[in-house]
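Undergrad: Attaching a single structure in structure tokens format; questions to follow.
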Amino acid sequence: MADVRIGGQAVIEGVMMKNKEKYAIAVRKPDKEIEVKIESYKPSADKGLFFRLPIIRGVFNFVESLVIGVKTLTYSASFYDEEEDKPKNDAKDDADKKEPEKKEKSDSLFLFGTVALSIVLAVGLFMLLPAFLVSLLDDYIQSHILLGLIEGAIRLCIFLLYVFLISKMEDIQRTFMYHGAEHKSINCLEAGNELTVENVMKASRFHKRCGTSFLFIVMIVSILVFMCIDSRTLWLRLLLRVLLVPVIAGISYEFIRYAGNHNNACANILSKPGLWVQRLTTIEPTPDMAEVAIKAVEGVFDWREYLGIDKEETQNITGADTE
């Protein structure tokens, strides 16, 4: 049996799953029905050998995931925006029909702006702010290694505090429940079990290839990288933090890739901190959330064929007709 390499993320009241050149977004709409949208895209790895090189592939994979992530979040949120703005929908729909090209261009600009803003805010908060704070200690500490450790500790504290605070927001908690459903469905499938609500609910909500683990590894790798840099000039120190972000992301990706592909003692031990942080970003889902995650998986992967199960045997396996 071949390994399963499905990835995904939680969205507003739903789950996105990605496999090879397809991704599917399953959303529980306000009327409680599940809407599934399947999209195709060209993975960066298919664009040439350069994009598959170690470290390089991590950079492009990160940007690609960020773009798809923002796009799917915007799509899932649209169902609830429409619910709130129903009186305005008729006029809006007429305008959209008259100017589809203009709307598509506007959506693309919005997507680009959102991704760019997300990157700027993340770099500013997690990279530049700690570097600036540590620069205040330059006159008191001469060791650049010690300064790098202090900067890394500050960065890690900011990251953990940020995750902790957003985990207390009610709307985010529901998204974290769908995050748990996403992990559970993938773990269920990777364990070779049928993708039923019952089986998914029994699976673990933690996964070594999670984006939370990736971000945590980014924090750790940044400590090791910046400890090797000795610069007392503030503008140069900040510039190097920005320029080295792709390198850090690429190294972190290789670690997550290794951990996801191996189940040895070394990989498991090194994955523990990231799995611990997932206790903040994943919450046990409800069965109806597990059902949404299953629909997302089915949009990009035929798990019955993968497990060698006859379709007729599982006609109602997820509680709905599969035809």
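The values are calculated or read from the model by the stated rules, or taken from the named source; none is laboratory data. All values reported here derive from a predicted model rather than from experimental measurement. Cβ atoms come from the backbone with ideal geometry, glycine included; neighbour counts cover every protein chain shown. Protein only, heavy atoms only, side chains kept; ligands, DNA and RNA dropped before computing areas. Shrake-Rupley method; radii C 1.70, N 1.55, O 1.52, S 1.80 Å.
Undergrad: Quick one: pull the percent of accessible area on the chain belonging to carbon and sulfur, 1.4 Å probe, ligands and nucleic acids left out. Walk me through the intermediate numbers first.
TA: Numbers: 10760 of 17650 Å².
Ligands and nucleic acids excluded, carbon and sulfur reach 61 percent.
Undergrad: Right, next: Working with all protein chains in place, sort Val245, Val200 by solvent-accessible area computed with a 1.4 Å probe, largest first. Before the final figure, lay out the partial values.
TA: Values: Val245 40, Val200 0 Å².
Most to least solvent-accessible, the answer reads Val245, Val200.
Undergrad: As I understand it, the dipole of segment 145-230 uses +1 on the Cβ of Lys and Arg and -1 on the Cβ of Asp and Glu, about the Cα centre. Which of Phe206, Tyr162, Gly152 lies farthest toward its positive end?
TA: It is Phe206.
Undergrad: Quick check for you: with a 1.4 Å probe and neighbouring chains kept, what is the accessible area per residue of the chain, in Å²?
TA: Values: 17650 Å² over 323 residues.
Each residue of the chain exposes 55 Å² on average to a 1.4 Å probe.
Undergrad: Follow-up. Given Cα pairs under 8 Å that are at least 6 residues apart, what percent is the relative contact order of the chain? Walk me through the intermediate numbers first.
TA: On the way: 405 pairs, mean separation 85.5, N = 323.
Once divided by the residue count of the chain, the mean separation gives 26 percent.
Undergrad: For the chain, take the longest principal axis of its alpha carbons; what is the angle in degrees between that and the long axis of helix 86-98, to the nearest 10 within 0 to 90?
TA: Long axis of 86-98 versus the principal axis of the chain: about 90 degrees.
Undergrad: Once amide H atoms are placed 1.01 Å from N in the peptide plane, what residues at a sequence separation of 5 or more from Lys208, or on another chain, have their amide H within under 5 Å of its amide H?
TA: none
Undergrad: Further, regarding this structure: Charges at C-beta only: +1 for Lys and Arg, -1 for Asp and Glu. How large is the resulting dipole of the chain about its Cα centre, in Debye rounded to 20?
TA: Details: 38 positive and 44 negative charges, 290 e Å.
Charge dipole of the chain: 1400 debye, to the nearest 20.
Undergrad: What is the angle, in °, between the Cα long axis of helix 56-84 and the longest principal axis of the Cα atoms in the chain? Nearest 10 is fine, range 0 to 90.
TA: Approximately 50 degrees, to the nearest ten.
Undergrad: To the nearest 10 degrees, how steeply does helix 287-300 sit against the main Cα axis of the chain, on a 0 to 90 scale?
TA: Once rounded, one gets 90 degrees.
Undergrad: Which entries of Lys37/Lys71; Lys29/Lys208; Lys184/Lys208; Lys272/Lys295 have Cα-Cα distances beyond 18 Å here? Don't jump to the answer; show the numbers that get you there.
TA: Details: Lys37/Lys71 12 Å; Lys29/Lys208 30 Å; Lys184/Lys208 12 Å; Lys272/Lys295 30 Å.
Listed pairs above 18 Å: Lys29/Lys208; Lys272/Lys295.
Undergrad: Now a separate question. Using a 1.4 Å probe, how large is the accessible area of Val70, given in Å² and rounded to the nearest 10?
TA: Counting only protein heavy atoms, Val70 exposes about 20 Å² to solvent.
Undergrad: Which of the listed residues, Ser252, Ser231, Ile186, is farthest toward the dipole's positive end in the chain, when Lys, Arg count +1 and Asp, Glu count -1 at the beta-carbon?
TA: It is Ser231.
Undergrad: For the residue pair Ile229 and Asn19, what label-to-label distance in nm results when each label sits 7 Å from Cα along the Cα-to-beta-carbon direction?
TA: 4.0
Undergrad: With a 1.4 Å probe and all protein chains kept in place, how do Tyr23, Tyr258, Tyr306 rank by accessible area, largest first? Walk me through the numbers before you get to the answer.
TA: Details: Tyr23 10, Tyr258 90, Tyr306 45 Å².
Correct descending sequence by accessible area is Tyr258, Tyr306, Tyr23.
Undergrad: Also, I was wondering about something else. Please state, to two decimals, what the Cα-based radius of gyration of the chain comes to when divided by 2.2 N^0.38 Å (N = residues). Could the numbers behind the result be given before it?
TA: On the way: Rg = 21.6 Å, N = 323, 2.2 N^0.38 = 19.8 Å.
Output field value: 1.09.
Undergrad: Please give the calculated 222 nm ellipticity per residue for the chain, where each DSSP H segment of at least 4 residues contributes -39500 (n - 2.57) and the sum is spread over every residue; nearest 500 deg cm²/dmol?
TA: That calculation yields -20500 deg cm²/dmol at 222 nm.
Undergrad: With a 1.4 Å probe and all protein chains kept in place, how much accessible area does His179 have, in Å² rounded to the nearest 10?
TA: Looks like 20 Å² after rounding.
Undergrad: How much length is gained if the chain between Asn193 and Tyr162 is pulled fully straight, taking 0.36 nm per residue apart and subtracting their Cα-Cα distance, in nm to one decimal? Walk me through the intermediate numbers first.
TA: Working: separation 31, 0.36 × 31 = 11.16 nm, distance 3.55 nm.
Extra length from Asn193 to Tyr162 when fully extended: 7.6 nm.
Undergrad: Considering only protein heavy atoms, with the full assembly of protein chains and a 1.4 angstrom probe, order Trp303, Trp276, Trp235 by accessible area, largest first. Show your work: numbers first, answer last.
TA: Working: Trp303 0, Trp276 145, Trp235 170 Å².
So, going from the largest accessible area down, we get Trp235, Trp276, Trp303.
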